[in-house]
């Protein structure tokens, strides 16, 4: 683990956007299975691909007209208990940081792993997130 003073700016890059940081397993369990609608979980990281690609892409994507009803983050390598618990909701995917998952009514519907982040520029990641928002976060229409 890094000294907290080193990761504060990386945490704040997301919390300044209104993203709720979950730091314990109990906090994760109070949100993920219980939030109706869409929830995006950002697995934050100290690595360069998080700083240079993922966090800016999240910021840009959240300016889209359609977005998740709730956005939360956990910090890999810092808040281990919360991160492990959040990853338990990412059924079928190995641990990856940074990564982004979207849950709908507590079930995983979209996953972007480090391999889809680390070699791409923020604008390409943003485009994928916006498409995922349109597909998985749009309000249900009356039938």
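The values are calculated or read from the model by the stated rules, or taken from the named source; none is laboratory data. Just so it is clear, the structure is predicted and the values come from calculations on it, not from any experiment. Cβ: placed from backbone, ideal geometry, glycine included. Neighbour counts: every protein chain shown.
Just a few scattered comments:
- Of all the criteria given as (1) crowded, with 22+ Cβ neighbours inside 10 Å; (2) farther than 22 Å from residue 134 by Cα; (3) touching a strand residue (DSSP E or B) at 6+ places or on another chain (Cβ under 7 Å), the one not satisfied by residue 58 is (2).
- Test: residue in the range 103-126 that is touching a strand residue (DSSP E or B) at 6+ places or on another chain (Cβ under 7 Å), part of a helix (DSSP H, G or I) and within 19 Å of residue 29 (Cα to Cα): no
- Filtering the range 80-91 to residues that are at pLDDT 95 or above and in a loop (DSSP other than H, G, I, E, B) leaves 89, 90.
- Residues in the range 33-55 that are within 14 Å of residue 71 (Cα to Cα) and out of contact with any strand residue (DSSP E or B) (no Cβ under 6 Å at 6 or more places or on another chain): 33, 34, 36, 37, 55.
- Residues of the range 18-52 classified as in a helix (DSSP H, G or I) and modelled with pLDDT under 95, total: 5
- Every residue from the range 1-17 that is touching a residue at least 12 places away in the same chain (Cβ under 8 Å) and either outside any helix (DSSP H, G or I) or within 17 Å of residue 88 (Cα to Cα) (or both): 1, 2, 17
- Of all the numbered requirements in (1) touching a strand residue (DSSP E or B) at 6+ places or on another chain (Cβ under 8 Å); (2) at pLDDT below 95, residue 77 misses one, and that requirement is (1).
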